[in-house]
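Reviewing the structure listed below.
The values are calculated or read from the model by the stated rules, or taken from the named source; none is laboratory data. All values reported here derive from a predicted model rather than from experimental measurement. Every residue, glycine among them, receives a Cβ derived from its backbone with ideal geometry; neighbour counts consider all protein chains shown. Ligands, DNA and RNA are stripped out before the accessible areas are found, and what is left, the full protein with its side chains, is counted by its heavy atoms. Shrake-Rupley method; radii C 1.70, N 1.55, O 1.52, S 1.80 Å.
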Amino acid sequence: MVDVSKWPLFSLMPPQDLACIWKACVFGASANEAIYINRDHEVFVLGLNCSNCLCTGDNQSTIVPKKLDFLSGKKVVSVSYGSGPHVLLATEEGELFAWGHNVYCQLGNGTTNQGLLPVLVSTNLLDFKVTEVACGSHHSMALTEFGQSSYQVFAWGYNNCGQVGSGSTATQPHPRRVSSGLQTKIAVGIVCGQNSSMAVLDNGEVYGWGYNGNGQLGLGNNSNQLTPDRLAGLRVQQLVCGYAHSLALTDEGDLYAWGANAYGQLGTGNKSNHLSPVAIMGEKGRIVEVAACHSAHTSAAKTQSGQVYMWGHCRGQTVTLPHLTHFSCTDDVFACFATPAVMWRLLSAELDDFLTVAQSLKKEFDNPETADLKFRVDGKFIYVHKAVLKIRCEHFRSMFQSHWNEDAKDVIEIQQFSFPVYRSFLEFLYTDDVELPPEDAIGLLDLATSYCENRLKRLCQHIIKRGITADNAFTFLAASVRYGAEVRSADLEDFCFKFCVNHLTRVTQTDAFQQIDGDLLKDFICRAGRCGAFKN
């Protein structure tokens, strides 16, 4: 749980105002500016207002939050900031607004005039929906959606090192599609270093362009790239960029780092730059999140067990190896140790100053003191409340009727599902969340299908996707095929299939692959062949 008051800029706000913050972003050369969104989707700004980056129509600083009326009624989906600073903001409708520093055309309106008022960036974007934005020092990027499945990258602004990807070093005054190398590709994520740009594709491939003097593009050299070039060898699930270094999390939970390392920001135990990705934190277990931002030399990561590590430039100290912290989230690392203490992403803030109805229900799950019903699974009891089950699940609403035998029982025996699976299901009814190992998610997916719980099925698929490895990939693929006709399970099947193809050599050496039946094997080989998996 993130406490936004850890950032000094929010420390003067009264508790009742802090409790209303839903999303927030602290930015600026000294972390002296902030933008936040309350639970009514109203947008406020406060701080020093360097380069008119607060978009209040004047150049005055303010410690009292000011509302940005031009965003009334619009839901914000993405925010990013540059070093000037300039700010990019995308709405749920796909509109792109920009304001602030504009000496290098980073606002995308064709001028170098300071953005006192918001600019609706529309040139070359009229037919596109902007879904994500990213800023480098003085350049900008947008990920756009066109139709149902076409995701394209646009860039503009300062281009002295090729960070706009246009093939030249001329400043780009308007958004321009980054087409070279990405022409037929589908991008799903964009990030920026100070003077570099990177994009992640739907198949996990990474492309980079711009400044590469420290090897931050991971291409094995330190030559600048004027157009996108592919970083070979990695299938990336999450990518972040620091000032001049990069961190990539693979689809198997492995962490790689490359680029500048003067502050130990690569986590390798020394200060030597790396021109190509190097694996780190292998002994820490599966990594589920990495953090860095272009205005700092700080790195952070979170493991599947919830441990948060930090390294790099930490409050003036050089930390060359990942250091275990007491934090519960990577955002706290940047609040307490980054210089400047900016936010590395637009974060969601939840404050627990009182128990909501949902929190109260969560607290009462499996509580024998208040329960009026027990399930016995594998000889162990789970304590629940009939009313909650009837309200939350149609299966139980039907069960607890007079014509079902279970309605008269105080203890109900469950034999077709394991204890971890059934307990996770009941806990989901109280919390809307699921926490269990990926291997058990298959059993829970089976239960969710039997009970017609579509949202639970989607959560199970998410757990499987995050927990997939070469060892279990074919087991997951086989299971997803069984649910191919169910709601959204085709998406899971396609995901597992692509993972198996991307890691084909290792997958075919696993016990799960050796034990598959002939029909599934034949179907997999035919499908993989159509995808070109066996080309020389």
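Just give me the residues in segment 124-142 being surrounded by fewer than 23 Cβ atoms within 10 Å (Cβ to Cβ) and in a strand (DSSP E or B), in sequence order.
Across segment 124-142, the qualifying residues are 129, 131, 132.
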Review point. Among 469, 475, which is the only one that is closer than 18 Å to residue 252 by Cβ, of a type in the set (S, T, N, Q), surrounded by 16 or more Cβ atoms within 10 Å (Cβ to Cβ) and free of Cβ contacts under 8 Å to residues at least 40 places away in the same chain?
Key: 475
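Residues being outside any loop (DSSP other than H, G, I, E, B) and over 21 Å from the mean Cα position of the chain (by Cα): count how many of those fall in segment 223-238.
Our first condition is that a residue be outside any loop (DSSP other than H, G, I, E, B); within segment 223-238, this holds for 225-231, 236-238.
Still in the list and also over 21 Å from the mean Cα position of the chain (by Cα): 225-230.
The qualifying residues number 6.
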Review point. Is it the case that some residue within segment 448-463 is touching a residue at least 40 places away in the same chain (Cβ under 8 Å), of a type in the set (Phe, Trp, Tyr) and in a helix (DSSP H, G or I)?
Key: no
Practice item. Determine whether residue 6 is over 27 Å from the mean Cα position of the chain (by Cα) and at pLDDT 90 or above. Key: no
Check your understanding: If you go through segment 165-189 one residue at a time, how many are open to solvent by 10 Å² or more (accessible area, probe 1.4 Å) and within 16 Å of the chain's Cα centre (by Cα)?
Key -> 2
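For segment 220-236: of the residues being more than 18 Å from residue 180 (Cα to Cα) and among the small types (Gly, Ala, Ser), which is least open to solvent (accessible area, probe 1.4 Å)? Break it down stepwise before answering.
To start, the set of residues in segment 220-236 that are more than 18 Å from residue 180 (Cα to Cα) comprises 220-222, 233-236.
Now drop any that are not among the small types (Gly, Ala, Ser), which leaves 220, 233.
Details: 220: 42, 233: 76 Å².
Applying the filter and picking the extreme gives 220.
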Review point. How many residues does segment 126-167 contain that are closer than 17 Å to residue 191 by Cβ and among the aromatic types (Phe, Trp, Tyr)?
Key: 4
Check your understanding: If you scan segment 93-125, which residues turn out to be under 27 Å from the mean Cα position of the chain (by Cα), under 18 Å from residue 163 (Cβ atoms) and hydrophobic (A, V, I, L, M, F, W, C)?
Key -> 98, 107, 121
Point to revise | Qualifying residue in segment 299-321 (condition: in a strand (DSSP E or B), of a type in the set (Lys, Arg), open to solvent by 40 Å² or more (accessible area, probe 1.4 Å) and within 30 Å of residue 399 (Cα to Cα)) | key: no
Point to revise | Residue that is nearest to residue 211 (Cα to Cα) [pool: residues in segment 242-278 that are within 22 Å of the chain's Cα centre (by Cα) and of a type in the set (S, T, N, Q)] | key: 246
Revision key, fill the gap. Within segment 322-347, restricting to residues that are in a strand (DSSP E or B) and modelled with pLDDT of 95 or more, the one that is least open to solvent (accessible area, probe 1.4 Å) is 322
**Study point:** Residue list for segment 294-332, restricted to those being in contact with a Cys (Cβ under 8 Å, 6 or more places away or on another chain) and within 24 Å of residue 236 (Cα to Cα)
**Key:** 294, 298, 302, 308, 323
**Study point:** Among the candidates 160, 203, residue that is on the phi < 0 side of the Ramachandran plot, touching a helix residue (DSSP H, G or I) at 6+ places or on another chain (Cβ under 9 Å) and surrounded by fewer than 19 Cβ atoms within 10 Å (Cβ to Cβ)
**Key:** 203
Check your understanding: Quick one: what pairs do we get from segment 237-260, first residue surrounded by fewer than 24 Cβ atoms within 10 Å (Cβ to Cβ), second among the hydroxyl-bearing types (Ser, Thr, Tyr), C-beta under 6 Å, 6+ apart or different chains?
Key -> 252/469
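Which members of segment 494-526 meet the condition of being in a helix (DSSP H, G or I), over 23 Å from the mean Cα position of the chain (by Cα), of a type outside the set (A, V, I, L, M, F, W, C) and closer than 27 Å to residue 234 by Cβ? So that I can check it myself, show each step before the final result.
Let us first name the residues in segment 494-526 that are in a helix (DSSP H, G or I), namely 494-502, 504-507, 511-514, 518-526.
Still in the list and also over 23 Å from the mean Cα position of the chain (by Cα): 501, 504-507, 511-514, 518-526.
Subsequent filtering for residues that are of a type outside the set (A, V, I, L, M, F, W, C) retains 505-506, 511, 514, 518-519, 522-523.
Result: 505, 506, 511.
State whether one or more residues within segment 135-147 are touching a residue at least 12 places away in the same chain (Cβ under 8 Å), at negative phi, of a type in the set (Val, Ile, Thr) and touching a His at 6+ places or on another chain (Cβ under 8 Å). Steps first, please.
So the first thing to find is which residues in segment 135-147 are touching a residue at least 12 places away in the same chain (Cβ under 8 Å), and the list is 135-146.
From the residues that got through so far, the ones that are at negative phi too are 135-146.
Subsequent filtering for residues that are of a type in the set (Val, Ile, Thr) retains 144.
So of that shortlist, the ones also touching a His at 6+ places or on another chain (Cβ under 8 Å) come out as none.
Checking segment 135-147: not a single residue is touching a residue at least 12 places away in the same chain (Cβ under 8 Å), at negative phi, of a type in the set (Val, Ile, Thr) and touching a His at 6+ places or on another chain (Cβ under 8 Å).
Do we find a residue being within 19 Å of the chain's Cα centre (by Cα) and either charged (D, E, K, R) or more than 29 Å from residue 207 (Cβ to Cβ) (or both) anywhere in segment 308-322?
Here is the first cut: in segment 308-322, the ones within 19 Å of the chain's Cα centre (by Cα) are 308-310.
Among the residues that remain, those that are also either charged (D, E, K, R) or more than 29 Å from residue 207 (Cβ to Cβ) (or both) are: 308.
Yes.
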Practice item. Report yes if residue 279 is in a strand (DSSP E or B), within 26 Å of residue 465 (Cβ to Cβ) and open to solvent by 40 Å² or more (accessible area, probe 1.4 Å), otherwise no. Key: yes
